[in-house]
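Asker: I'd like to ask some things about the structure below.
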Amino acid sequence: MSDDKRRLDGSFVRSIIPPPSKPKKDGIPLSDLSERDKPWDVHRAESDRIEQHYQGTEFQSYADRIHFCSDFLDFILAPHTEGELRLKLYSARFCRVRTCMVCCWRKSLRWKAKAYQMLPRFIDDHPAYRFLFLTLTVKNCEIWELRETLDWMNKGFTRLSRLKAFPGEGWIKSVEVTKGRRGDAHPHFHVLLGVKASYFGRNYLSQKKWVEFWQKSLRCDYKPILDVQALKSKDSLVGLVAEVIKYQTKPTNLIGHGRAEDRDWFLEYTRQMHNTKAISVGGIFRDYFRELEKEPEDLIGRDENSDDLDEGHLYFGWKRKQKKYKLID
Ligand SMILES: [Zn+2]
């Protein structure tokens, strides 16, 4: 084809010069429109990495489910403060795979919201209660021993809670597992404990006593590491409950960097954690916080009176390569 002919060939011209009337479409990123929706990009990108870990393994069905999790988000513009609108999630599809980071994040938001609703009732009923924050650990275990180790720790906690000197009247306990430097696993419990005011008088337990009781309850031959903090004022209680709940939903450090050993570790972690309990509630807290033991059904967080907001939809799609949600026209 001569140069002249090329100039006359419309398809050739179109392929190299975009027509001025039709600019290249690239939707506005969700993160540019809404500061508070920035975590969507972060967690969806993490879930992409998890999906890759599961591809072609016994967990292929998890990979498939995670792939389509929240790939399309339907938001509405809802009134927030006077004269201000903000994006509010209206609908999305969630995979509910336990290790999916998007689902973990949504669950933690729902749990937090529930805890905020329930706390004032507890405080009204028990104004004299004080709170402790316990971290109970054991020596790191191999990843393939994780399930067994958690069983043993749970039995230990039950024994601890039955000791005569145990001051907890109620507790919320969450399980956190982090990856150790040697590629082992570091399981530990975070416990929010409600105690009577007398704990800070005649029933006080020193750190040393706590370690002694935890060791006795575990029936182990070493002094396990334990941390105990007293909560100073009720103001931060809400934050603390949120902390306890958050712990079991931040497995980011478990994903690793795409190396074969990271993948093997994560697959074993998935096997070991299957059907284990994330949060348990005991003692008098059961009457108030029992719901925290259940998986939240609604991961959207709908308002009860949101019927009148069913307009002004904005749709965002997950752009895998760009790692961003972008507006769809
Ligand atoms: Zn998901």
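The values are calculated or read from the model by the stated rules, or taken from the named source; none is laboratory data. Computed from a predicted model, the values in this text were never measured in an experiment. All Cβ positions, even for glycine, are placed from backbone atoms using ideal geometry, and neighbour counts span all protein chains on display.
Asker: Provide a single number: the residues in the range 54-94 that are modelled with pLDDT of 95 or more and more than 25 Å from residue 328 (Cβ to Cβ).
Answerer: Looking only at that region, the number is 9.
Asker: Kindly establish whether residue 301 is surrounded by fewer than 19 Cβ atoms within 10 Å (Cβ to Cβ), small (Gly, Ala, Ser), modelled with pLDDT under 90 and under 23 Å from residue 94 (Cα atoms).
Answerer: Values: surrounded by fewer than 19 Cβ atoms within 10 Å (Cβ to Cβ): yes; small (Gly, Ala, Ser): yes; modelled with pLDDT under 90: yes; under 23 Å from residue 94 (Cα atoms): yes.
So residue 301 passes the test.
Asker: Return the only residue of 93, 98, 110 being within 16 Å of the ligand (Cβ to nearest atom), under 20 Å from residue 244 (Cβ atoms) and either touching a Cys at 6+ places or on another chain (Cβ under 9 Å) or among the acidic types (Asp, Glu) (or both).
Answerer: On the way: 93 fails: under 20 Å from residue 244 (Cβ atoms); 110 fails: either touching a Cys at 6+ places or on another chain (Cβ under 9 Å) or among the acidic types (Asp, Glu) (or both).
None of the other options fit; the residue is 98.
Asker: Suppose we filter 92, 113 for residues that are touching a residue at least 60 places away in the same chain (Cβ under 8 Å), within 22 Å of the chain's Cα centre (by Cα) and surrounded by fewer than 17 Cβ atoms within 10 Å (Cβ to Cβ); which single one remains? Spell out how you get there, then give the answer.
Answerer: Values: 92 fails: surrounded by fewer than 17 Cβ atoms within 10 Å (Cβ to Cβ).
Criteria check complete, one pass: 113.
Asker: Let me ask another. Could you check the range 141-164 and list, in sequence order, the residues that are in contact with a helix residue (DSSP H, G or I) (Cβ under 7 Å, 6 or more places away or on another chain) and either small (Gly, Ala, Ser) or free of Cβ contacts under 8 Å to residues at least 24 places away in the same chain (or both)?
Answerer: Across the range 141-164, the qualifying residue is only 156.
Asker: Give the range 176-234 a look and list any residue that's closer than 17 Å to residue 159 by Cα, polar (S, T, N, Q) and touching a residue at least 12 places away in the same chain (Cβ under 8 Å), or say none.
Answerer: Within the range 176-234, 217 is the sole residue that qualifies.
Residues are listed down the side, and each one gets a yes or a no for (1) surrounded by 13 or more Cβ atoms within 10 Å (Cβ to Cβ); (2) under 21 Å from residue 160 (Cα atoms); (3) at pLDDT 95 or above; (4) not acidic (Asp, Glu):
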| residue | (1), (2), (3), (4) |
| --- | --- |
| 202 | no, yes, no, yes |
| 209 | no, yes, yes, yes |
| 225 | yes, yes, yes, yes |
| 229 | no, yes, no, yes |
| 239 | no, no, no, yes |
| 246 | yes, no, no, yes |
| 249 | yes, no, no, yes |
| 255 | yes, no, no, yes |
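Asker: What strands (runs of 3 or more DSSP E) completely inside the range 163-277 contain at least 2 residues that are over 25 Å from the mean Cα position of the chain (by Cα)?
Answerer: On the way: elements: 168-179, 185-195, 226-230.
Those strands (runs of 3 or more DSSP E) span 168-179.
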